[in-house]
Amino acid sequence: MKASAKINNYQKFVESLHTNLTNFRMGMPENWRETALRLVDGVASEELRNCVNIEERRKYGAFFTDSVLAGKVLRKLDPVFGAGSVVYDPACGAGNLLLAVHAFLKETGSPFLRTCTWLGSDIHSSFVNAARIRFSIAGLLATNDPEPADYQIEDHIKLDQVNGLAVNEYYAAATHIVVNPPFNMVDSKSKSDLYSGKVSAAAIFIEKIIQHVRPGTTVLAILPDVLRSGTRYEKWRDMVMRNCNYENEVLLGQFDQYADVDVFGVKLIKKNVAVARPVAPINNQPFRSIGDLCTVCVGRVVDYRDADAGRRRGYIVSKGLPGWSTLKKTERTRQHEGEAFTPPFVAVKRTSRPGDPYRAVATIIRTPSPVYVDNHLIVLIPKSGTLKDCRKLLQALKRKETSDWIDRQIRCRHLTVKVVSNIPL
């Protein structure tokens, strides 16, 4: 992907950073440390929002990691650094994540802070320029003397305009990868060995990172929850587990107030040799699940796409469907050439948010004849064909324990067939 001309408007902020760095090195103003701290922390993200519109940021997945979120990831995943560690961020943006690792080592009193090498790359030159200057400012803040004789941080950083999806010398040198890759959907053609069509750029980034780094390299990543829980990414999860030791993960909630997507942090260590591994279900617990009691599938009708052709029947849609009740009569009808569902069955709304009082809002469908169901609903068909089991399903889905369980399994806004099938009864 080529760099964006609009994002390069960020260069104006870079120029102001350069002016400030020059002043700081001369000890100006007297309270320069206070200003420097602000420039190293949150202001880079604020400036990006000010000079680049939201559509452009979404297009390129340009959302910088908040220092609070980055700090939480590092504390929870507890990476181990040593003398001469080489830390590389292949999608470094303005350097927020690399700077968070620098701050983490400083705050924990690590003796290895001054021996680390910091590498970063990004397709946007203005981001790379900002990261380079902000690191120099961080170097001044790391010492009492603005110009220490024995340590120049510029000798320990290398930041370039390079596409992190391509193999490069930084991958060969790295002992640690820290990355918050873009989350935008991209065409995976020629980019991925796992997928064709549109997928999350984050999935491709991690795939390439695992291919490019040396065995033993630690990978710390902030990723969209869909990679952890989405059915489409089973192949991706299998690839990760075959090639890496899955050391730890932490659920992080919403990325920030400007990017409404739930994320998780993960710590991986690349194996010496990839091993065969069967694809495991999201939940492998030994108790009975909804999938044992019924057949689970998605409604067949895509309303905006499917033509009104075929037999006319009652039509169940998610919008306005009353939860925790029994529907005996449909208000809508439509024609369709696909499968109709014969009551009784349970319809579950696919869209919900982590933290909602109920993650799987359900309705018993008890119409006198088969109905069509739109694809914003998940259909649960009791294998017994009885209304009694429909009521049992409703009771199970309404339990607080069920919503808590779903929150742990999936932080995406859409429930999947697999997650619903695995809900314990």
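Taking a spot 7 Å from the Cα of ASN23 along the direction of its beta carbon, which residues of segment 45-65 have an amide N less than 20 Å from it?
45-48
Of all beta bridges DSSP finds with both residues in the chain, what is the antiparallel percent, to the nearest 5?
65
Net charge within 9 Å of VAL317 by Cβ-Cβ distance, Lys/Arg positive one each and Asp/Glu negative one each, not counting VAL317 itself?
Here the count lands on 0.
Calculate one ³J(HN,Hα) per residue across segment 307-316 by plugging θ = phi - 60° into the Karplus curve 6.51 cos²θ - 1.76 cosθ + 1.60, and present them in order as whole Hz with x for glycine and proline.
With coefficients 6.51, -1.76 and 1.60, one gets 6, 7, 8, x, 6, 8, 9, x, 9, 9 Hz.
About its Cα centre, what dipole magnitude does the chain give when the only charges are +1 on Lys and Arg Cβ and -1 on Asp and Glu Cβ, stated in debye to the nearest 20?
Computed about the Cα centre, the dipole is about 2440 debye.
If I model a spin label at ASP303 and GLU30 as a point 7 Å from the Cα along the Cα→Cβ vector, what separation in nanometres do I get?
Spacing of the two 7 Å Cα→Cβ label points: 6.7 nm.
What are the residues whose amide H is under 5 Å from the amide H of VAL261, where those residues sit 5 or more places off or on another chain and H is modelled from the backbone?
Under 5 Å from the amide H of VAL261: PHE255, ASP256.
All other residues with a Cβ under 13 Å from the Cβ of VAL14 taken together, and with Lys, Arg as +1 and Asp, Glu as -1, what is their net charge?
Local net charge: 0.
Using only the Cα atoms of segment 314-394, each taken as one equal point scatterer with no solvent, compute I(q) by the Debye sum, divide by I(0), and report log10 of the ratio at q = 0.10, 0.15, 0.19, 0.23 Å⁻¹.
-0.22, -0.49, -0.78, -1.11
Which one, ASP256, ASP193, ASP308, has the greatest fluctuation when you compute a Gaussian network model over the chain with C-alpha springs under 10 angstrom?
Result: ASP308 has the largest fluctuation of those listed.
What is the sum of charges around TYR195, taking Lys and Arg as +1, Asp and Glu as -1, for the other residues whose C-beta is under 11 Å from the C-beta of TYR195?
Once all neighbours under 11 Å are counted, the net charge is +2.
Using +1 at the C-beta of Lys and Arg and -1 at the C-beta of Asp and Glu, which of THR402, TYR258, VAL379 has the Cα lying farthest in the positive direction of the dipole of the chain?
It is VAL379, whose Cα lies furthest towards the positive end.
Report the extension gain between GLU234 and GLU154 in nm, rounded to one decimal, defined as 0.36 nm multiplied by the number of residues separating them, less their alpha carbon distance.
Length difference between fully extended and current span is 24.6 nm.
Please name which of PHE127, ILE204, ASN96 has its Cα lying farthest along the dipole of segment 7-270 towards the positive end, using unit charges on Cβ (Lys, Arg +1; Asp, Glu -1) and the Cα centre as origin.
Final value for the positive-end residue is ILE204.
Which of rounded, prolate or oblate describes the chain when judged by the alpha-carbon gyration tensor and an a/c cut-off of 1.5?
prolate
Working out 0.36 nm times the residue gap between THR351 and GLU331, then minus their Cα-Cα distance, what length gain in nm do you get to one decimal?
Gain in length upon complete extension: 5.1 nm.
Once every DSSP H run of n ≥ 4 in the chain is given -39500 (n - 2.57) and the sum is divided by its residues, what mean residue ellipticity at 222 nm do you get, rounded to the nearest 500 deg cm²/dmol?
Dividing the helical sum by the residues of the chain leaves -10000 deg cm²/dmol.
Using a Förster radius of 51 Å, what is the FRET efficiency between ASP404 and ARG38 based on their Cβ-Cβ separation? Nearest 0.05, please.
The value I calculate is 0.85.
List the relative contact order of segment 290-422 as a percent without decimals, with contacts defined as Cα pairs under 8 Å and 6+ residues apart.
Relative contact order comes out at 35 percent.
Search the structure for amide H atoms under 5 Å from the amide H of ARG334, placed 1.01 Å from N in the peptide plane, and list their residues when 5 or more places away or on another chain.
ARG313, TYR315
What number, in percent, do you get for the relative contact order of the chain if the mean sequence gap of Cα pairs under 8 Å and at least 6 apart is divided by its residue count?
13
Highest mean first, how do 266-275, 347-356, 134-143 rank when packing is the count of other Cβ atoms within 10 Å averaged over residues?
Averaged packing, sorted descending, gives the order 134-143, 347-356, 266-275.
Laboratory data are not the source of any read-out in this text; all were calculated from the coordinates shown. In this text, all values refer to a predicted model and were calculated from it rather than measured experimentally. Don't worry about glycine lacking a Cβ; one is built from the backbone with ideal geometry, like all the others, and counts go over all protein chains shown.
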